[in-house]
């Protein structure tokens with residue numbers, strides 16, 4: 001496995017400086033203080049695709065901008081103000097320094113790191129690749145393999161970029177080997193991402209939600225965009241518990257390439273926990289029922305080269321871009337409640353309704369099973385193509 005190093009910049013644990021939480025005390029549940037990232041200034045620093053800049057990607061700097069940035073700019077010997085550009089997005093800040101410096105000694109007494117070495121840009125690894133992008137924590141290896149298999153078989157995906165956020169069930173090397181074993185996968189990288197995921201939207205005030213502190217997830221997407229995927233053919237952004245189907249059978253990668261804007265955004269349905277068969281090992285193929293009223297959040301596929309600098313890759317959309325509404329209608333998500341470890345909210349087990357009007361099987365199940373599966377007769381559940 002090719003090990004990918006990160007060059008983070010973090011404040012000292014015994015220092016006087018830390019990030020001020022943006023959420024009022026009255027809206028912080030008990031877990032907020034434990035989950036909030038007080039110390040990470042930047043998750044990584046790497047060379048831009050054109051080689052002219054150092055790119056720093058991190059959480060919103062908030063109160064840290066003024067005390068931290070001037071010293072960092074001086075450390076890399078950037079003399080002109082025009083050569084130091086800060087790009088601010090919701091929950092993510094980027095610092096772009098025009099300099100040829102490859103390393104620098106950090107100001108004393110401020111950071112955990114005494115020096116910082118700029119990491120290489122690795123976009124060449126995914127040049128013209130059809131990529132599947134996700135983050136993961138403690139997903140079962142068989143779920144990851146089924147998910148990759150489906151998108152390789154049904155959409156022509158040939159590369160995967162997975163960010164592992166402190167999994168304990170298996171190592172990054174084991175995940176990488178599992179992905180690389182799927183037929184058709186040419187490039188597979190697993191990035192160790194040890195940073196705090198961040199507090200979720202819960203405020204402790206009933207159904208009220210505030211999404212102001214979950215920095216890591218959006219930063220992962222922008223990091224992937226600029227360090228690995230700038231030259232990719234196209235990128236499907238999704239999660240391991242989601243499979244995307246198209247009405248015509250045309251792949252998402254092809255639809256995105258056909259689109260004039262190079263950006264598709266599509267919704268879909270939750271797939272309920274009513275299993276077709278009883279097994280101790282849950283697989284996508286065991287679940288084929290949906291509630292018509294149960295709509296899933298949107299996800300997207302895009303051509304990176306067509307995404308302007310002012311656009312931001314987010315979980316459910318690309319902010320600053322308008323999707324191709326016509327071609328987006330061709331795609332739909334199947335979001336599986338049972339393919340989950342209940343890390344955020346309990347989603348399994350489930351007692352389905354006994355009323356026939358409450359659930360609906362996928363009418364396409366047999367058709368996709370025949371066309372997308374090459375080995376499911378001998379290995380139950382491997383073909384997620386049976387799940388459309």
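Whether any residue in region 226-234 is within 16 Å of the chain's Cα centre (by Cα) and more than 25 Å from residue 90 (Cβ to Cβ) is what I want to check.
No, region 226-234 contains no residue that is within 16 Å of the chain's Cα centre (by Cα) and more than 25 Å from residue 90 (Cβ to Cβ).
What about residue 20, is it in contact (Cβ under 8 Å) with a residue 12 or more places away in the chain, under 24 Å from the mean Cα position of the chain (by Cα) and not in a strand (DSSP E or B)?
For residue 20, the condition - in contact (Cβ under 8 Å) with a residue 12 or more places away in the chain, under 24 Å from the mean Cα position of the chain (by Cα) and not in a strand (DSSP E or B) - is not met.
Yes or no: residue 261 modelled with pLDDT of 95 or more and either touching a strand residue (DSSP E or B) at 6+ places or on another chain (Cβ under 7 Å) or over 30 Å from residue 127 (Cβ atoms) (or both)?
Working: modelled with pLDDT of 95 or more: yes; either touching a strand residue (DSSP E or B) at 6+ places or on another chain (Cβ under 7 Å) or over 30 Å from residue 127 (Cβ atoms) (or both): no.
No; evaluated as a whole, the condition is false for this residue.
Let's see how each residue does on (1) without any contact (Cβ under 8 Å) to a residue 24 or more places away in the chain; (2) assigned to a loop (DSSP other than H, G, I, E, B); (3) under 27 Å from residue 205 (Cα atoms); (4) touching a helix residue (DSSP H, G or I) at 6+ places or on another chain (Cβ under 7 Å):
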position	(1), (2), (3), (4)
2	no, yes, no, no
5	no, yes, no, no
16	yes, yes, no, no
50	yes, yes, no, no
72	no, no, no, no
77	no, yes, no, no
87	no, no, no, no
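Would you check if there is a residue in region 172-191 being closer than 30 Å to residue 31 by Cα and under 14 Å from the mean Cα position of the chain (by Cα)? Outline the logic, then answer.
First, pick out the residues of region 172-191 that are closer than 30 Å to residue 31 by Cα: 172, 175, 190-191.
If we keep only those that are under 14 Å from the mean Cα position of the chain (by Cα) as well, we get 190-191.
Yes - at least one qualifying residue is present in region 172-191.
What is the residue count in region 52-69 for residues that are within 21 Å of the chain's Cα centre (by Cα) and crowded, with 23+ Cβ neighbours inside 10 Å?
Total meeting the criteria: 5.
Inspect region 67-81 for any residue being under 20 Å from residue 196 (Cα atoms) and modelled with pLDDT of 95 or more and give the result as yes or no.
no
Based on what the data block shows, is residue 97 crowded, with 18+ Cβ neighbours inside 10 Å, outside any strand (DSSP E or B) and over 23 Å from the mean Cα position of the chain (by Cα)?
When the stated conditions are applied, residue 97 does not pass them.
Hey, does region 331-350 have a residue that's surrounded by 13 or more Cβ atoms within 10 Å (Cβ to Cβ), over 13 Å from residue 270 (Cβ atoms) and modelled with pLDDT of 85 or more?
Within region 331-350, one or more residues are surrounded by 13 or more Cβ atoms within 10 Å (Cβ to Cβ), over 13 Å from residue 270 (Cβ atoms) and modelled with pLDDT of 85 or more.
Within region 281-306, restricting attention to residues that are under 30 Å from residue 226 (Cβ atoms) and free of Cβ contacts under 8 Å to residues at least 60 places away in the same chain, which residue is farthest from the chain's Cα centre (by Cα)?
Just the residues of region 281-306 that are under 30 Å from residue 226 (Cβ atoms), to begin with: 296-306.
Narrowing further to those that are free of Cβ contacts under 8 Å to residues at least 60 places away in the same chain: 296-298, 306.
Working: 296: 17, 297: 14, 298: 13, 306: 19 Å.
Once the filter is applied, the top-ranked residue is 306.
Residue 45 - would you say it is touching a helix residue (DSSP H, G or I) at 6+ places or on another chain (Cβ under 8 Å) and surrounded by 13 or more Cβ atoms within 10 Å (Cβ to Cβ)? Walk me through how you get there before you give the answer.
Numbers: touching a helix residue (DSSP H, G or I) at 6+ places or on another chain (Cβ under 8 Å): no; surrounded by 13 or more Cβ atoms within 10 Å (Cβ to Cβ): yes.
For residue 45, the condition - touching a helix residue (DSSP H, G or I) at 6+ places or on another chain (Cβ under 8 Å) and surrounded by 13 or more Cβ atoms within 10 Å (Cβ to Cβ) - is not met.
The values are calculated or read from the model by the stated rules, or taken from the named source; none is laboratory data. Every value quoted in this text rests on a predicted model; they were computed, and no experiment measured them. All Cβ positions, even for glycine, are placed from backbone atoms using ideal geometry, and neighbour counts span all protein chains on display.
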